[in-house]
Amino acid sequence: FPLPLSHSFGMKASKTVHNGKRNSEDASDVKKIQRKFKSVPDTGFYGPITTKAIRAWQIKRLMVPNGRVSKKEWDRLGL
């Protein structure tokens, strides 16, 4: 499930990162997210494994399970 182009990671990430695309500018932010989930390898690539982990995390917290990490999710992850 590709994320919309408006998707962003963290404070300094670009708005072009989404499921299936690697952007070297955003890789460090993606790795930070992935390290929060022990079952997700920290590759810097936002793919289906990362999306699934984020959705499960969102469901547990009664959030909209869209698999995206916006500022709200970034803050709740403590990043």
Item checked: Diffusion constant of the range 36-79 at 4 °C, which comes from Stokes-Einstein with the Kirkwood Cα-pair radius and 1.567 mPa s, µm²/s -> 121
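Rolling a 1.4 angstrom probe over the protein heavy atoms, how many square angstrom per residue are accessible across the range 40-79? Working shown, then result.
Details: 2290 Å² over 40 residues.
About 57 Å² of surface per residue is accessible.
The values are calculated or read from the model by the stated rules, or taken from the named source; none is laboratory data. All figures in this text were calculated on a predicted structure; none of them were measured in a lab. In case anyone asks, the SASA skips ligands and DNA or RNA and just uses the protein heavy atoms, side chains included. Shrake-Rupley method; radii C 1.70, N 1.55, O 1.52, S 1.80 Å.
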